Every structure is written in C-alpha cells, then in structure tokens.
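Below: one structure, written as structure tokens.
Every number here is computed from the coordinates shown, using simple stated rules; none is lab data. From a predicted model like this one, the values you see are computed outputs, not experimental measurements. Because the Cβ atoms are built from the backbone with ideal geometry, glycine has one as well, and the counts that use them run over all protein chains shown.
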Amino acid sequence: MKKTHIAIIILIAVGIAAIMSTFTDASTYVSFPLAEKNEGKQFTVIGYLDKEGDMIYTPERNQFTFTAIDKEGNERKVIYFQPKPQDFEKSEEITMKGFATDSAFVAEQILMKCPSKYNETNDVENTYE
C-alpha cells in the first residue's frame, strides 16, 4: 500500500472521529419537568431570570442561587457553583447547561443573551444633505 493511501485513510478516520464527537457533545434543549424526569442526565434549558425572585451568592461555597422560568413557564430554583455573572439582571434569555436534582436544577454552564445596545432608539440619524 502506498504512503498516500495510508495518509488518505488516516485523514478519513480523523474526519469521521471529528464528526462523531460533535454529535455526542450535542445537548438536548428541554424544559425543567423533562430534565427532572431524567435526574442526573445533562440537558440544556433555555429560560428567563425571575427578576422578582431572590438571587443569593454564598461565598463560602462559591454558590449562586436564583430562580429561572423556562420557555414553557415552569419556574425552578437554579444552583450555579460560580459567582453571579456580570450584568446577570440585564439578560434577556439564559441558556443553562446542567442537570436536575430532586430539589433544583444544577447549572454547570450559563450563557446569557443580553439586550442589544443597537436598537431603534439609539440609531443615529443621517443629517447630511
């Protein structure tokens, strides 16, 4: 077998491995009740911050606790073992990757969609004639 054939086979194997790794890492977007039915299994929940609920950071445990509402309107306590993200209260949407327990949803990763600083009220009018 030629060296070029071996190199092509190795490249194909690496390509297949890369494709497979992207599929196995893909999370499923669910609501809080579905995550609770599968306690301990990792899911991604998209929701909103309950701005009227308590937000508590406990430095001794490095634990941030807040209430979130998923897109179906289910409200749950969320525990995040990191400090409160910057501008957390301003977020429009929260994507929480983690798992459910019998008492809360434990977020291992939080991504926030913040409001755009570019909206219609901030547009600059063109005054050149």
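Any idea how far apart residue 5 and residue 48 come out in nm if each label point goes 7 Å out from Cα toward Cβ?
So the label points at residue 5 and residue 48 sit 6.2 nm apart.
List the lysines whose Cα sits under 16 Å from the Cα of residue 41, skipping any in the same chain fewer than 8 residues away.
By straight Cα distance, residue 41 reaches 97.
For region 39-84, what are Rg and Dmax over the alpha carbons, in angstrom?
11.4, 34
Between residue 48 and residues 5 or more places away or on another chain, which pairs have amide H atoms under 5 Å apart, with H built 1.01 Å from N, and which residues are they?
69, 70, 94
What is the magnitude of the charge dipole of region 31-79 about its Cα centre, with +1 placed on the Cβ of each Lys and Arg, -1 on the Cβ of each Asp and Glu, and no other charges, expressed in debye to the nearest 20? Intermediate results must be reported in sequence, preceding the final value.
On the way: 7 positive and 9 negative charges, 36 e Å.
The dipole of region 31-79 has a size of about 180 debye.
Considering the dipole of region 1-110 built from charges on the beta carbon (Lys and Arg +1, Asp and Glu -1) around the Cα centre, which of 88, 10, 101 is farthest to its positive end?
10
Calculate one ³J(HN,Hα) per residue across region 12-18 by plugging θ = phi - 60° into the Karplus curve 6.51 cos²θ - 1.76 cosθ + 1.60, and present them in order as whole Hz with x for glycine and proline.
So the J values, rounded to whole Hz, are 5, 5, 5, x, 5, 4, 5.
Quick one: net charge of residue 63's neighbours, Cβ under 15 Å, K/R +1, D/E -1? It would help to have the intermediate numbers written out before the result.
Working: positive: 61, 77, 84; negative: 54, 60, 108.
Residues close to residue 63 contribute a combined charge of 0.
What's the magnitude of the charge dipole for region 46-118 around its Cα centre, counting Lys and Arg as +1 and Asp and Glu as -1 at the beta-carbon? Answer in Debye, nearest 20.
Working: 10 positive and 13 negative charges, 50 e Å.
Result for region 46-118 is approximately 240 debye, rounded to the nearest 20.
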